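*Asks:* Sharing a structure, written as structure tokens. Questions coming.
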Amino acid sequence: MKEVTYIDPVSAAKITALLGILWAVLGWLFSGIVITLLVQGAGAFPDVPPAFSLGGLLSGVIGGFIGGGLSGYLGSLVYNVLARKFGGIILELQDQQSP
């Protein structure tokens, strides 16, 4: 068994910032699909924003990058404090045999 006792906050922030971009693009795509379905379904939603707008994509990507980076940095800092007090995540690692 192996135990994760420390996560480097800067490296975690880099990865989670990039994941934030992925989540923003997926959110933009899915919200565009939902908006398109709502607009096609009924005229009861006159103030619906345009589906798949470039502004929505850019704001989501920027927000996802910043939010992902902050959450990764702060999350790893909190994890490191808690892991010292209560123990870290226990992992079981297995060596892969090459073919």
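*Asks:* For Kirkwood radius over Cα pairs in Å, which listed value, [x] 16.4; [y] 13.8; [z] 13.4, comes from the coordinates shown?
*Replies:* Computed from these coordinates, Kirkwood radius over Cα pairs in Å corresponds to label [x].
*Asks:* Ordered by residue, what ³J(HN,Hα) values in Hz, to whole numbers, does the range 79-86 give under the Karplus form 6.51 cos²θ - 1.76 cosθ + 1.60, where θ = phi - 60° and Gly and Pro are x?
*Replies:* Per residue, the Karplus-derived 3J(HN,Hα) values read 4, 4, 5, 5, 5, 5, 7, 10 Hz.
*Asks:* Around Phe52, which amide H atoms from residues at least 5 apart in sequence, or from another chain, sit under 5 Å from its own amide H, with H modelled in the peptide plane?
*Replies:* Distant-sequence amide H within range of Phe52: Gly32.
*Asks:* Could you order Trp23, Trp28 by accessible surface area, starting with the largest, using a probe radius of 1.4 Å?
*Replies:* Accessible-area ranking of Trp23, Trp28, largest first: Trp23, Trp28.
*Asks:* Once amide H atoms are built 1.01 Å from N in the peptide plane, which residues 5 or more positions from Ile7, or in another chain, come under 5 Å H to H?
*Replies:* Asn80
*Asks:* Of Gly63, Phe86, Ala24, whose Cα points farthest to the positive end of the dipole of the chain (charges on the beta-carbon: +1 Lys, Arg; -1 Asp, Glu; origin at the Cα centre)?
*Replies:* Positive-most Cα among the choices belongs to Phe86.
*Asks:* Please determine, in degrees from 0 to 90 and to the nearest 10, the orientation of helix 9-41 with respect to the longest principal axis defined by the Cα atoms of the chain, where the helix direction is its Cα long axis.
*Replies:* 30
*Asks:* Whole-Hz ³J(HN,Hα) for each residue in the range 87-93, computed from phi via Karplus 6.51 cos²θ - 1.76 cosθ + 1.60 with θ = phi - 60°, x for glycine and proline: what do you get?
*Replies:* x, x, 6, 8, 10, 10, 10
*Asks:* If you don't mind, there's one more thing I want to ask. Which of Val61, Val34, Val25 ends up with the largest GNM mean-square fluctuation for the chain, with Cα atoms connected below 10 Å?
*Replies:* Maximum fluctuation in the GNM of the chain, among the listed residues, is at Val34.
*Asks:* Place a +1 charge on the Cβ of each Lys and Arg in the chain and a -1 charge on the Cβ of each Asp and Glu, then give the dipole magnitude about the Cα centre in debye, rounded to the nearest 20.
*Replies:* 200
*Asks:* Label Lys14 and Gln94 with points 7 Å out from Cα along Cα→Cβ: what is the distance between them in nm?
*Replies:* 3.0
*Asks:* Now a separate question. Evaluate the relative contact order of the chain (contact order divided by residue number), counting alpha-carbon pairs under 8 angstrom at least 6 apart; express in whole percent.
*Replies:* Answer for the chain is 53 percent.
The values are calculated or read from the model by the stated rules, or taken from the named source; none is laboratory data. Everything numeric here is computed off the predicted structure, so don't read it as measured data. Please note: Cβ atoms are built from the backbone with ideal geometry, for glycine as well, and neighbour counts cover all protein chains shown. To get the accessible areas, we keep the full protein, side chains included, count just its heavy atoms, and leave off ligands, DNA and RNA. Shrake-Rupley method; radii C 1.70, N 1.55, O 1.52, S 1.80 Å.
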